[in-house]
Amino acid sequence: MGGYIPNSAAAQQAMLESLGLTSVQQLFDCIPSEMLVDHLNIPEGMSELEVGEMLTAMADKNKRFSTVFRGAGAYNHYIPSIVKAVTSKKEFLTAYTPYQAEISQGVLQSIFEYQTMICQLTGMDVSNASVYDGATAAAEAVVMCQERKRSCAVVSGALNPHFIEVIQTYCGSRGIPVEILPVQNGLTDPAALSAALKADDACVLFQNPNYYGLLENCDALTEAAHAVGAKAVAVVNPMTLGILKTPGAYGADIAVGEGQPLGIPMAFGGPYLGFMAATQAMMRKLPGRIVGQTTDAKGNRAFVLTLQAREQHIRREKASSSVCSNQALCALTAAVYLASMGPDGLADCAKQCLSNAHYAASEIAKIPGFGLRHNAPFFHEFVTECPICPQLLNEKLAEKGILGGLPVEGGILWCATEMNNKNQIDRLVEILKEVAAQ
Amino acid sequence: MKLLFERSTVGHKSELLPCCSTPAYELPADLLRAEAPALPQLAEIEVERHYTELAKQTFGVNDGFYPLGSCTMKYNPSINEDMAALPGFTKLHPLQPESTVQGALEAMYTATELLQEITGMDAMTLQPSAGAHGEYTGLLLIRAYHQSRGDTARTKIIVPDSAHGTNPASAVMAGFSVVNIPSDEKGCVDLDGLRKAVGPDTAGLMLTNPNTVGIFDPNILEITKIVHEAGGLCYYDGANLNAVMGMARPGDMGFDCIHLNLHKTFSTPHGGGGPGSGPVGCKAHLAQFLPTPVVVKTEEGYHLHAPEASLGRMRSLYGNFLVVIRALTYVLSLGKEGIPAASQGAVLNANYLMKKLADLGYDMAYPGFCMHEFVMDIGKLKKETGASAMEIAKRLLDYGMHPPTMYFPLIVHEALMVEPTETESKETLDAAAEVYGKILAEAKEDGQRLHDAPFNTPIGRPDEVGAARQPILRWTPAE
Ligand SMILES: Cc1ncc(COP(=O)(O)O)c(C=O)c1O
């Protein structure tokens, strides 16, 4: 109700007097009178107590599933208690972008550490400070690969469909051709890629694990891209990089992805974290903020926003991206998550996802009508057939507090993480058996 | 301060997960990484202490006065954080069946209804994740509109030279070329210049009003009319909406579409550089082109809906949902009286401080009354004393205050752009003015001394040239 304005009416009057005015309305005399708003057609302000009740009532209308077997781009992982404790510190929360380095070393250093950990995970040389989400990161990667005589992006059809759509939006407006490579048995076929590639293609994008959870032949896909001089862009899930071969190891030029699995709540889709890492050679093509290390006059180590000659506030219409505010607090979240998990914790978490998903897949596949759709290696997601209407199946599961897999073409896309222990999986399988028997 | 990696000790860790309850599964070795990532190894207390130390060297609105022009660094209400942390919101999988997320969709729908009324728009998307992302979205709406009419020769977006850098950058992303037009001597749109710039190739104009020098353009209706008569559309950069909320609406100024910065005007925290949220509102004639999905309400409830001629997706899923929850909490708290009161407070505070600083002897780039922010011109002071806008800003750091925005807008060469916001008290403004007075006296006494400012901060001025010349963008272990 108060608008969080500390000044009393008397103080405001005194301020007006100092300006030689009698009413605050006079300060709005510059606005053509025909345009002045008489009153807004919105509800009257509410007390904190009432607003709290109203929003809580909205939150309570949503169904919270105690068990989640759905991923498809947003993953249910354990978030260590310390993550929220650190990221709710009001210094981090209420700071602007660190333009004034002298009083912003904390946030600048946290971004530098984040960039380092993204490099460690992906095996790449450099990272930016984040972009809006994984899909925009993938789209920005295509833009990074544009050269004077190379434009077309060849995109695996096994990418998350939202990522493909966002790439199409970003490329469509700039006139960058996008070719979608058909999926074969849930995978991107390196031979089909080679056959599709033209000598002047700019880049190839593939996702590992892909949308169906399958592990692509990243070495061969990267090699196929490089064979025609195109860049290889790997879309990766950072959680899986606790154990999986890195984009750096298979020679990708750019690695991007959705950072949500790193301690960020599912939160109905956002805010999430787009991460972008690249080889040294592509460093100056990265969009967005980048933090670098330097020294002050006394030789102290110091951190600053750097390589700003790439960015919109310097280059304006010549900038490669307009990104300004990014997802800094989400990058901090990921950094705190990685720091508390450590290398062993992250690997353990990734292995639990892997093992739980394989246990779930083998148990589910034993049920008649729920055969596995693909036989390639997978990580923590997999598609099974579904003998009844998938929506109906999910309704039955929802009654028991379980969010089932996502209905996709040809069946259901399941996901298991470290949150889905053996008991949960066994319970799911029991219910599926009942449904199948009906 | 030590880096996380320099605090690492082999074997230190936190116990967070139980043992795996399913049989261990092994992937073929050729799919695995050769060695574990070199992440730091830390016990929980070490992580806590590390970030506590970093927090102490970070300056937020909660630490002190933060009049960063164009950024609207108002207080971020605590209740907003509580609402955004409700498990009924945070634990929702985005792809849950619609019937199980009615509360979330209701929150989104309610937010768009309220924000549409405040801006005078007919439809809105919450998908864009920040102001610049909103600009890109709005420009794609304009593009889709012209294309739907077969009006494909409209390839140019007009941008005043006072505009934020994201404006021209977004225009290029959207496939347009940029026509820069100079501002007049009052910092406003030069009408003759605009008339000369428009034509059959004009797709639209991007403008913020009040503009980046804090002045409400008196010719706004004429401006939007000129663009419309030439066949173009008008885009409103909502970064400065805090000046006019509940007082005037972009929709009534002739704008066809807008973005809002929820992380400025609507009190959501900036997080050290995001996440923000940049909802895009539009008039009815652009609604069919909005990104997929938008929330609609029917008798059965709320639904996610793909507009018929949607331009596609701007990002995955629905936007920075928890940021929207915070903004919704704020708008509901303020309500119909609180929203205009906030703008009135912001404009009053800006004028009060402007007058005080002018009385002290600071030159104003555009004297007279301002809206929610004002721009000081340090040019003359620099000539006389050697103290530049940068030096004044750096000296402010010594007094525990965040400096104004420096060197923006570009049309004022030694600009310091001050935006106090309504959530600061008269006492804070008086104390700030006192500090500005001291610094002015220091500059006049010995301008050279300020070259070495700040003196009391954890580090002195960093070597930015060196940082860019030999970039060190990650930590590497000592050989
Ligand atoms: C006038 C103006 N327009 C656009 C933007 C871009 O907003 P964002 O940082 O949210 O992308 C800003 C941000 O500083 C701004 O001041």
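Just so it is clear, none of the values below were taken in a lab; they were calculated from the coordinates. Worth saying up front: this structure is predicted, and the values here are computed from it rather than measured. Counting neighbours? That spans all protein chains shown, and the Cβs are built from the backbone with ideal geometry, glycine included.
Can you confirm whether region B:202-211 contains a residue that is at the interface with chain A (Cβ under 9 Å from one of its Cβ atoms) and within 11 Å of the chain's Cα centre (by Cα)? Checked against the condition, which is being at the interface with chain A (Cβ under 9 Å from one of its Cβ atoms) and within 11 Å of the chain's Cα centre (by Cα), region B:202-211 yields no hits at all. Among the residues of region B:30-81, those that are touching a residue at least 40 places away in the same chain (Cβ under 8 Å), part of a loop (DSSP other than H, G, I, E, B) and more than 22 Å from B:A342 (Cβ to Cβ) comprise B:A38, B:Q57, B:T58, B:F59.
Table: residues versus (1) over 23 Å from B:R143 (Cβ atoms); (2) surrounded by fewer than 24 Cβ atoms within 10 Å (Cβ to Cβ); (3) more than 11 Å from chain B (Cβ to nearest Cβ); (4) not hydrophobic (A, V, I, L, M, F, W, C).
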residue: A:C119; (1), (2), (3), (4): yes, no, no, no
residue: A:M124; (1), (2), (3), (4): yes, no, no, no
residue: A:A138; (1), (2), (3), (4): no, no, no, no
residue: A:K149; (1), (2), (3), (4): yes, yes, yes, yes
residue: A:C152; (1), (2), (3), (4): no, yes, yes, no
residue: A:V166; (1), (2), (3), (4): no, no, no, no
residue: A:G186; (1), (2), (3), (4): yes, yes, yes, yes
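A single member of B:P250, B:P269, B:P168, B:P275 is in contact with a strand residue (DSSP E or B) (Cβ under 6 Å, 6 or more places away or on another chain), buried (at least 24 other Cβ atoms within 10 Å of the Cβ) and under 25 Å from A:Q308 (Cβ atoms), and it is B:P168. Determine whether region A:29-47 contains at least one residue that is more than 7 Å from chain B (Cβ to nearest Cβ) and either touching a residue at least 40 places away in the same chain (Cβ under 8 Å) or in contact with an Asp or Glu (Cβ under 7 Å, 6 or more places away or on another chain) (or both). Scanning region A:29-47, I find at least one residue that is more than 7 Å from chain B (Cβ to nearest Cβ) and either touching a residue at least 40 places away in the same chain (Cβ under 8 Å) or in contact with an Asp or Glu (Cβ under 7 Å, 6 or more places away or on another chain) (or both), so the answer is yes. Looking at B:I142, B:I158, can you tell me which residue is in a helix (DSSP H, G or I) and either over 17 Å from the mean Cα position of the chain (by Cα) or within 16 Å of the ligand (Cβ to nearest atom) (or both)? None of the others qualify; the one that does is B:I142. Within region B:11-23, residues that are more than 14 Å from A:I82 (Cβ to Cβ) have Cβ atoms under 7 Å from residues that are among the basic types (K, R) in these pairs: B:C20/A:K351; B:S21/A:K422; B:T22/A:K422, counting only partners at least 6 apart in sequence or on another chain. When residues in region A:376-411 are screened for being surrounded by fewer than 17 Cβ atoms within 10 Å (Cβ to Cβ), within 15 Å of A:Y211 (Cα to Cα) and either away from every other protein chain (no Cβ under 14 Å) or of a type in the set (K, R) (or both), 2 of them pass. As a summary of the residue check, B:S170 satisfies the conditions (1) within 12 Å of the ligand (Cβ to nearest atom); (2) free of Cβ contacts under 8 Å to residues at least 24 places away in the same chain except for the one numbered (2). Checked against (1) within 25 Å of A:V24 (Cβ to Cβ); (2) among the polar types (S, T, N, Q); (3) more than 18 Å from the chain's Cα centre (by Cα), B:T292 passes all but a single condition, namely (1).
Residues that are more than 7 Å from chain B (Cβ to nearest Cβ) and surrounded by 15 or more Cβ atoms within 10 Å (Cβ to Cβ) do occur in region A:56-66. Total residues in region A:343-371 satisfying the condition of being among the basic types (K, R) and at the interface with another protein chain (Cβ under 9 Å from one of its Cβ atoms): the figure is 1. Only residues that are more than 9 Å from every other protein chain (Cβ to nearest Cβ) and charged (D, E, K, R): list them for region B:323-358, please. Correct list: B:R326 only.
Taking the residues in region B:145-155 that are of a type outside the set (D, E, K, R) and over 28 Å from B:V324 (Cβ atoms) as candidates, determine which candidate is farthest from the ligand (Cβ to nearest atom). The selected residue is B:G150. Among the residues of region A:278-320, those that are polar (S, T, N, Q) and more than 7 Å from chain B (Cβ to nearest Cβ) comprise A:T279, A:Q280, A:Q308, A:S320.
For region A:72-102, enumerate the residues that are within 16 Å of the ligand (Cβ to nearest atom) and more than 7 Å from chain B (Cβ to nearest Cβ). Scanning region A:72-102 gives a single hit, A:Y99. Looking across region B:111-136, just one residue is hydrophobic (A, V, I, L, M, F, W, C), part of a helix (DSSP H, G or I) and near the ligand (Cβ under 9 Å from one of its atoms), and that is B:A132. Test B:S316 against the criterion of being within 13 Å of another protein chain (Cβ to nearest Cβ), in contact with a strand residue (DSSP E or B) (Cβ under 8 Å, 6 or more places away or on another chain) and of a type outside the set (A, V, I, L, M), and give yes or no. Considered against the rule, which asks whether it is within 13 Å of another protein chain (Cβ to nearest Cβ), in contact with a strand residue (DSSP E or B) (Cβ under 8 Å, 6 or more places away or on another chain) and of a type outside the set (A, V, I, L, M), B:S316 comes out as yes. Set side by side, the residues A:S173, A:S130 differ, and just one is facing another protein chain (nearest Cβ under 9 Å), on the phi < 0 side of the Ramachandran plot and not charged (D, E, K, R), which is A:S173.
Determine which member of the set A:A339, A:A334 is in contact with a Leu (Cβ under 9 Å, 6 or more places away or on another chain), facing chain B (nearest Cβ under 10 Å) and more than 16 Å from the ligand (Cβ to nearest atom). That would be A:A339, the only listed residue that is in contact with a Leu (Cβ under 9 Å, 6 or more places away or on another chain), facing chain B (nearest Cβ under 10 Å) and more than 16 Å from the ligand (Cβ to nearest atom).
Scanning region A:308-329 for residues that are closer than 19 Å to B:G272 by Cβ, away from the ligand (no atom under 11 Å from the Cβ) and surrounded by fewer than 21 Cβ atoms within 10 Å (Cβ to Cβ) turns up just one, A:Q308. Criterion applied to A:G229, A:G288, A:G274, A:G263 was being on the phi > 0 side of the Ramachandran plot, in contact (Cβ under 8 Å) with a residue 60 or more places away in the chain, within 16 Å of the ligand (Cβ to nearest atom) and not aromatic (F, W, Y), and the one residue passing it is A:G288.
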